[in-house]
Amino acid sequence: MSELKILICITLAFFSMGSAKAATTALIKTNAGNISIQLFEKFAPNTVANFIELAKNDYYSDKVFTQAIGDLFIQSGSTAGDKKANVDYCLPSEFNKNIYHQKAGVLSMVRKGADTSGSEFAIYLKKLPHLDGYQSVFAQVTKGLDIVQKISRMPSSGKTPEKPVRIISVGISDTDFKHEILKFPVLAKEEMLKQNSEQLESLFKSIGKSQKLGKLEWFEIDYLKTKCSETQINMVIDFEEARNSKMLVFGTLSNDGFVINQFQFNRGKSSAPHTNSPLYDNEQ
């Protein structure tokens, strides 16, 4: 091979190495030590973008580890250091066959049901295949697994370390990764009623008329559970001709409208279930 060809090969190899994108990393500084992680932006872009946004806005600063189970996992990222609180939005779940709970050091988003993760995350200390397809994996510890283990073993009151362990900061490495985050707002009962009261009233009046229950007296939300794309909602409704027999409606509320899954009377009389029947459109 001529010297010119060798020079060309070396030059191409050099530029090829220089053009390779470095993985995005993060450094979680805590008062118990530092934890370095690699983010999986290729396989969980929405979850990683959300984590980066929160970190850059100092959201995680001063958050406590609300749960620490010896040699199993540690958990942090809730608002106000309260494990029951979270951000006011939720993310769609993100699963990829290339990343799963296969070994110690995996980070995944804590959730309370399908599509309900937001800011809370856990770092696991062992292989947990039962969480695959349930919690969104988005990162892996590359250094500081001993710190994770140390936090998990700290004396605790219930599941929370007696001596608070806090995140000081989360720093993100230089990266050109960009992704528009898909978020869905979480609505409280009052907001849900305010935004949909006219449609719900119209719907329940039509039910009362078809069932010969008389005038609609009142209705209220009895149970509400929000997911990313829809809200499960149970309602109690009172009609003029059925004062001693409150009507219960079970359904879901989404951008496609309110869908009744079932409605019944609390005396045991039940109408024929209505499944997947959109009875109004939110845009009307």
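A short reminder: the numbers here are calculations on the coordinates, not readings from a lab. Here the structure is a predicted model, which is why all the values come from computation and not from measurement. Heads up, the Cβs are rebuilt from the backbone with ideal geometry, glycines too, and the neighbour counts pull from every protein chain shown.
Amide H contacts of Ala32 (H built 1.01 Å from N, in plane; Pro and chain starts excluded): Arg166 sit under 5 Å, all sequence-distant by 5 or more or on other chains.
Highest first, please rank the peptides 33-40, 212-219 by the mean number of other Cβ atoms sitting within 10 Å of their residues.
On the way: 33-40: 20.0, 212-219: 14.8.
Packing order, densest peptide first, comes out as 33-40, 212-219.
Here's how it looks for Asn261: its modeled amide H is under 5 Å from those of Phe250, Gly251, Thr252, which are all 5 or more places away or on a different chain. Across the cross-link table entries Lys97/Lys126; Lys56/Lys103; Lys112/Lys205, which are compared at the Cα atoms, the separations over 26 Å belong to Lys56/Lys103; Lys112/Lys205. Arranged from fewest to most other beta-carbon atoms within 10 Å of their beta carbon, Lys150, Lys178 become Lys178, Lys150. If R0 equals 35 Å, the separation of the Cβ atoms of Glu217 and Gln262 corresponds to a calculated FRET efficiency of about 0.95.
Using the count of nearby Cβ atoms within 10 Å as a rough guide to exposure, how do Val148, Val141, Val87 rank from fewest to most?
In order of increasing Cβ crowding within 10 Å: Val87, Val141, Val148.
Relative to the current alpha-carbon distance between Ala23 and Glu198, full extension at 0.36 nm per residue lengthens the span by 58.0 nm.
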